[in-house]
Amino acid sequence: MSVRSMARVALVIFLVLMVQQTVMVALRIGGAHPDLLWLLPITAALLDGPETGAIVGFWAGLAFDLVLPTPFGLSALVGCLLGYTVGTLTAAVDPRAVWLKPVAALAGSVGADMLFAVLGAILGQEQMVQVDFLALFLVVGLASVVLVLPVNRLMRWALAGEGNRRSLVSAEGDTGVW
Amino acid sequence: MARTRRSRRTLTVIVLVVISLSLISLDLNGRTHRLTSGIKSVANDVYAPMRQGVLDIVSPIGNFFAGAFDYGSVQAQNEQLQKTLGQLRAEQAERSFQLNQLRQVMALQTLPYLQSLPVVTAQTVDQYTSNFTATITLDKGRADGVDVGFPVVGAGGLVGQVIAAYHHTSVIRLVTDGQSKVGVVFGPGKQYQGIVDGQGPGNDMTADLVPPNTPVHRGEVLFTSGLQAASFPPGIPVATVSSFHTAAGASQETIKVDSAADLSQLAYVDVVQWVPPA
């Protein structure tokens with residue numbers, strides 16, 4: 001990843017962090033609010049493969065860990081694993097497929113929240129598995145499906161110029177809206 | 001070529017996972033927690049003013065979405081507002097809001113259970129930042145005399161405990177959080193003891209370790225015990241009993257309790273500058 005891309009990714013992470021902590025936390029439905037964090041590694045992985053997904057997931061998670069009351073490093077770990085997994089599982093899928101982003105956002109966000117809660121409980125934070133998972137998965141999953149497109153647009157801007165086949169194909173295949 | 005690339009990719013992920021696990025270990029280890037706490041503290045000192053600035057800009061957007069999810073009441077409110085004169089109504093609402101805030105602050109000034117304990121009155125600036133914890137963030141931190149472990153009370157009773165204190169902000173774990181455990185006493189002469197356990201946001205709290213068939217009644221107030229090594233001073237209302245029963249053969253009574261403090265009204269709280277006696 002070039003220095004320019006890294007700077008842009010850092011800017012996108014900061015922007016998403018601010019939106020999450022100011023707007024998204026206020027949108028509590030059934031005790032849960034949307035979680036934009038997981039969309040960063042998901043979109044990075046879809047655009048540039050598992051390695052970029054893992055790197056973006058790690059740094060995005062670390063940035064969120066600085067302001068969250070959960071164990072420091074946990075979001076970074078889950079973000080890294082999420083980016084790598086999404087990138088690996090979708091490697092053989094045609095990036096122009098219209099269902100790819102929403103499905104990856106839904107499955108990735110729900111899976112990441114589940115892993116986050118289980119790992120937290122293993123690390124002694126038992127309260128993390130005492131939440132209403134149905135409401136959590138519905139809110140986070142549906143919000144991710146809706147918000148994956150604008151986040152993907154930001155990430156595509158951040159990773160522009162990487163020369164990766166997936167990002168080029170994705171850009172060509174898009175309708176131009178996102 | 002492809003194999004080399006795959007190996008590099010795997011190595012990158014392994015390195016990132018190892019770094020993440022190391023950070024988690026540092027954070028959860030009692031000796032090295034200060035390091036990660038310090039990093040978080042510096043980050044929060046930088047982040048808090050930026051967040052406030054962004055909040056000032058985007059709060060109208062948040063209000064818009066909040067209104068969209070509660071359209072019915074917004075419409076009703078709108079109809080109501082149209083019936084009144086704009087300027088007069090705005091002034092009235094403003095006065096009412098200020099009065100409400102004043103009431104909350106005044107209520108904090110006269111908490112009977114605090115006796116002469118020194119307190120720092122703080123405003124809540126953030127709530128439930130994570131989906132997995134019941135926490136609030138206050139606008140007072142170490143610079144204002146707030147430190148980790150201090151109890152936090154509101155009108156009605158115990159709200160929670162400080163779990164992180166930064167320079168100008170602090171994070172409070174609410175009594176409803178799954179990690180919260182408070183030693184309590186109740187009954188005539190405060191002869192019965194138990195532990196009020198948080199069960200996560202939105203779930204009823206429970207009073208555990210209460211022997212079977214202990215006499216208790218609905219609405220009974222449970223107070224902090226203040227026993228040796230307790231994390232809270234004695235006599236603060238923690239919860240009220242909502243239901244109870246002893247199942248046949250059970251080793252303890254099943255008691256469900258509600259928070260004594262109104263956790264939906266946490267605009268202002270008092271941080272009690274109290275540390276357990278050595």
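What residue, of A:VAL67, A:VAL16, is of a type in the set (Val, Ile, Thr) and more than 14 Å from the chain's Cα centre (by Cα)?
So the residue among A:VAL67, A:VAL16 that is of a type in the set (Val, Ile, Thr) and more than 14 Å from the chain's Cα centre (by Cα) is A:VAL67.
Go through region A:114-155 and count every residue that is part of a loop (DSSP other than H, G, I, E, B) and either in contact with a Gly (Cβ under 7 Å, 6 or more places away or on another chain) or of a type in the set (Val, Ile, Thr) (or both). Full working, then the answer.
Taking region A:114-155 as the starting set, the residues that turn out to be part of a loop (DSSP other than H, G, I, E, B) are A:123-125, A:130-132.
Subsequent filtering for residues that are either in contact with a Gly (Cβ under 7 Å, 6 or more places away or on another chain) or of a type in the set (Val, Ile, Thr) (or both) retains A:130-132.
Residues flagged as part of a loop (DSSP other than H, G, I, E, B) and either in contact with a Gly (Cβ under 7 Å, 6 or more places away or on another chain) or of a type in the set (Val, Ile, Thr) (or both) within region A:114-155 amount to 3.
Filter region B:207-220 for residues that are in contact (Cβ under 8 Å) with a residue 40 or more places away in the chain and either of a type in the set (Gly, Ala, Ser) or surrounded by fewer than 18 Cβ atoms within 10 Å (Cβ to Cβ) (or both) and give the result.
B:ALA207, B:ASP208, B:LEU209, B:PRO211, B:PRO212, B:ASN213
Can you tell me which residues in region B:232-251 are closer than 17 Å to B:PRO211 by Cβ, surrounded by 15 or more Cβ atoms within 10 Å (Cβ to Cβ) and not aromatic (Phe, Trp, Tyr)?
B:VAL241, B:THR246
Using the structure shown, decide if A:GLY108 is over 22 Å from B:ARG173 (Cβ atoms), touching a residue at least 40 places away in the same chain (Cβ under 8 Å) and not in a loop (DSSP other than H, G, I, E, B).
yes
Of (1) within 22 Å of A:LEU119 (Cβ to Cβ); (2) buried (at least 24 other Cβ atoms within 10 Å of the Cβ), A:LEU47 satisfies all except one. Which?
(1)
What strands (runs of 3 or more DSSP E) lie completely within region B:122-168 and have 1 or more residues being within 14 Å of chain A (Cβ to nearest Cβ), hydroxyl-bearing (Ser, Thr, Tyr) and under 21 Å from B:ALA260 (Cβ atoms)?
B:135-138
Select from region B:238-278 the residues that are part of a loop (DSSP other than H, G, I, E, B) and in contact with a helix residue (DSSP H, G or I) (Cβ under 8 Å, 6 or more places away or on another chain) and write down the one among them that is modelled with the highest pLDDT.
B:ALA267
Picking from B:THR137, B:THR121, B:THR129, which residue would you name as being within 13 Å of the chain's Cα centre (by Cα) and at pLDDT 90 or above?
B:THR137
Please tell me if B:LEU26 is buried (at least 16 other Cβ atoms within 10 Å of the Cβ), without any contact (Cβ under 8 Å) to a residue 12 or more places away in the chain and over 21 Å from the mean Cα position of the chain (by Cα).
Yes; evaluated as a whole, the condition is true for this residue.
Residue by residue through region B:2-59, note down the ones that are more than 8 Å from every other protein chain (Cβ to nearest Cβ) and within 20 Å of B:VAL162 (Cβ to Cβ).
B:GLY30, B:HIS33, B:ARG34, B:LEU35, B:SER37, B:GLY38, B:SER41, B:VAL42, B:ASP45, B:ALA48
Restricting region A:128-146 to residues that are under 18 Å from A:GLN20 (Cβ atoms) and of a type outside the set (A, V, I, L, M, F, W, C), which is surrounded by the most Cβ atoms within 10 Å (Cβ to Cβ)?
A:SER144
Surrounded by 12 or more Cβ atoms within 10 Å (Cβ to Cβ), at pLDDT 65 or above, among the small types (Gly, Ala, Ser) and under 28 Å from the mean Cα position of the chain (by Cα): is that true of B:ALA68 in this structure?
no
The values are calculated or read from the model by the stated rules, or taken from the named source; none is laboratory data. Predicted model, so just to flag it, every value in this text is computed and none were measured. All Cβ positions, even for glycine, are placed from backbone atoms using ideal geometry, and neighbour counts span all protein chains on display.
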